[in-house]
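First comes the structure, then the notes that go with it.
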Amino acid sequence: MKFAFTLATLAAVTFVSADVAIDLGTATDFTVVAVGGITNTGASGPIIGNVATTGHNVSGFPADAITGDVEERTPAADQAHSDAEAVWNMLRALEGTQVVSTPDGTIVVTKGMGDASGNGTTNFTGAVFTPGIYNVFSILHVVTNITLNGEGQYIFTSGSHFDLDANASIILANGARARDVFFATGDSTNLLAGARVEGTILSNSAIRLAAGASVHGNIYSQGLMTFTEASVTPVLRPT
């Protein structure tokens, strides 16, 4: 994958671009789509909307935790996965700002264990972003909170995992909307206890939501999806 190199040098990381046309196709009809099955432990819910898996089953959810239909290994599930995968591939090819570091330490790159190319973890602690496309070569790790500030589209790609620590949040401010936020990950997505994401997650591997984690957006996994007392509320998209 080729990224344009731009060193982010301000605490408020700014990149201006025209919105990217994103068509999720039939995946829009589903709040949750996973390839490897969808499992739950504990009192997860609500999962608002329809759920689909192309392999294995949807299991372990309390009665009425899922408000919509459940598709297991059906043509509709296969098509939703195919449509989400196409968007993942499209987003992964986008070139934007390579997020490296900021002088005040709100974004810190820690070299060490990271992706297959030897990159480390990019720790986000209190960083503020304006609308744009942001490329993280390594693990995109939200330690506390990051703020998306202003109306417009936000696209984040990561070379490896997308992780939120316990009680970390993606915060929307000054007109930013969850329906305009997308995370396309190079590996798994892990939301620890109480973490909250605003936006749609397209994960190249498993998605794990720990106790009290929540997503306001849609989540699509090319692996297994596991819930532990977690919830998902989809965003409304223009028709």
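Give me the number: length gained by fully extending N57 to D23, i.e. 0.36 nm times residue separation minus the C-alpha to C-alpha distance, one decimal in nm. All intermediate terms of the calculation are to be shown ahead of the outcome.
Working: separation 34, 0.36 × 34 = 12.24 nm, distance 2.67 nm.
That works out to 9.6 nm of additional length.
Packing-based ranking of 183-190, 51-58 yields 183-190, 51-58, ordered from highest to lowest mean Cβ neighbour count within 10 Å. Between A211 and A76, the simple spin-label model (points 7 angstrom out along Cα→Cβ) gives 3.5 nm.
With a 10 Å radius around each residue's Cβ, average the other Cβ atoms per peptide and rank 195-206, 59-70, 170-181, 123-134, highest first.
Sorting 195-206, 59-70, 170-181, 123-134 by mean packing, highest first, produces 195-206, 123-134, 170-181, 59-70.
Contour minus end-to-end for D64 and A166, with contour as 0.36 nm per residue of separation and end-to-end as the Cα-Cα distance? Could the numbers behind the result be given before it?
Working: separation 102, 0.36 × 102 = 36.72 nm, distance 2.68 nm.
Net length gain for the segment: 34.0 nm.
How big is the Kirkwood radius of segment 133-239, worked out from every pair of different alpha carbons and given in Å to one decimal? Intermediate results must be reported in sequence, preceding the final value.
Working: mean 1/r = 0.0744 Å⁻¹.
Here the Kirkwood hydrodynamic radius works out to 13.4 Å.
Determine the sum of side-chain charges near A230: Lys and Arg each +1, Asp and Glu each -1, restricted to other residues whose C-beta is under 11 angstrom from that of A230.
Numbers: positive: R196, R208; negative: E229.
Residues close to A230 contribute a combined charge of +1.
Label-to-label distance, N174 versus A193, with points set 7 angstrom from Cα along the beta-carbon direction: 3.5 nm.
Only the coordinates and a few stated rules stand behind these numbers; no lab work does. Model, not experiment: these values are computed from the prediction. Don't worry about glycine lacking a Cβ; one is built from the backbone with ideal geometry, like all the others, and counts go over all protein chains shown.
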